[in-house]
Amino acid sequence: AQTVTQSQPEMSVQEAETVTLSCTYDTSENNYYLFWYKQPPSRQMILVIRQEAYKQQNATENRFSVNFQKAAKSFSLKISDSQLGDTAMYFCAFTALYNQGGKLIFGQGTELSVKP
Amino acid sequence: DTEVTQTPKHLVMGMTNKKSLKCEQHMGHRAMYWYKQKAKKPPELMFVYSYEKLSINESVPSRFSPECPNSSLLNLHLHALQPEDSALYLCASSQAPPPDTQYFGPGTRLTVL
């Protein structure tokens, strides 16, 4: 079975500091994608970053970067220079080539609070 | 443009009502999804349409009835819902076949009285 685990239900960080959110996954697939989605209080699910498993280079998007460790099945998200607008629930998610219909497997989420 | 729109934003309905949720995308995506999400929980997949055909039904009760009139539109027809069906309903779309990025709409917040 494919699973995604986020071990930190809640985290907080001071504005302008750096925070890392953890995610591990389990799969026997080789061809898959990993994602971090952000869901602020407005509840719109917003794509933060995506990583293709075949790429060795870690994905980055402005202040957001990932540490993708394929052998360890780890996919953490680093947020640099945290801003108040980063306050949100963050979901790690996985989908594989042979997941019927492209089904996304989500972790339970990490609720991040950025404090002024 | 990575926009998925959903209407209405909020919906309150009684258990005997019939209502519909609508979702639209103009990104040329050929896969569309319905999710149900309770507060502080991850979304739960309900249905997947691929090339306008239903490809996944995650054992959803028949009081939820999906419809895909064309490649840009996805509806969710609601009838005889229960209070426990109150949730945020999210629509998403992606290229087909998988794997690919799913882009989500803003959701419809449904309350069943």
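Readers should treat all values here as calculations from the given coordinates under stated rules, not as data from a laboratory. Keep in mind that this is a model prediction, so the values were computed, not measured. Cβ atoms come from the backbone with ideal geometry, glycine included; neighbour counts cover every protein chain shown.
Give a residue-ordered list of calculated ³J(HN,Hα) values for the range B:5-21 (Karplus: 6.51 cos²θ - 1.76 cosθ + 1.60, θ = phi - 60°; whole Hz; x for Gly, Pro).
10, 9, 9, x, 6, 10, 8, 10, 9, x, 5, 9, 6, 10, 9, 9, 9
When we measure straight from the Cα of B:LYS18, which aspartates and glutamates land under 19 angstrom away, once same-chain ones fewer than 8 places off are left out?
B:GLU67, B:GLU84, B:ASP85
I'd like the Karplus ³J(HN,Hα) series for the range B:70-83: coefficients 6.51, -1.76, 1.60, θ = phi - 60°, whole numbers in Hz, and an x wherever there's a Gly or Pro.
Each residue's phi maps through the Karplus curve to give 7, 5, 9, 10, 9, 10, 10, 8, 10, 8, 6, 6, 10, x Hz.
For the range B:5-51, which chymotrypsin sites (Phe, Trp or Tyr not before Pro) pass both filters: DSSP loop (anything but H, G, I, E, B) and at most 12 other C-beta atoms within 10 Å?
Passing both the DSSP loop test and the Cβ count: B:TYR51.
Restricting to DSSP loop positions (anything but H, G, I, E, B) with no more than 15 other Cβ atoms inside 10 Å of their own Cβ, which GluC sites (Glu not before Pro) remain in the range A:1-99?
Qualifying residues, ordered by number: A:GLU15, A:GLU17, A:GLU29.
Under the definition of Cα pairs under 8 Å and six or more residues apart, what whole-number percent is the relative contact order of chain A?
Taking the mean separation of contacting Cα pairs over the length of chain A, I get 37 percent.
Given just the C-alpha atoms of the protein assembly as shown, how large is their convex hull per residue in cubic angstrom?
Given the Cα convex hull of the protein assembly as shown, per-residue volume reads 122 Å³.
Note down, for chain A, the three equivalent ellipsoid semi-axes (square root of 5 times each alpha carbon gyration tensor eigenvalue), biggest first, whole angstrom.
For chain A, the semi-axes come out at 24, 15, 12 Å.
Mind giving me the FRET efficiency for A:TYR98 and A:LYS70? R0 is 30 Å, r the Cβ-Cβ distance, nearest 0.05 is fine.
0.95
Note the per residue figure in Å³ for the convex hull of the C-alpha positions in chain B.
With only Cα atoms used, chain B gives 95 Å³ per residue.
List every residue whose amide H lies under 5 Å from the amide H of A:VAL66, counting only residues 5 or more places away in sequence or on a different chain, with H placed 1.01 Å from N in the peptide plane.
For A:VAL66, whose amide H was placed from the backbone, the distant partners under 5 Å are A:ALA59, A:LYS78.
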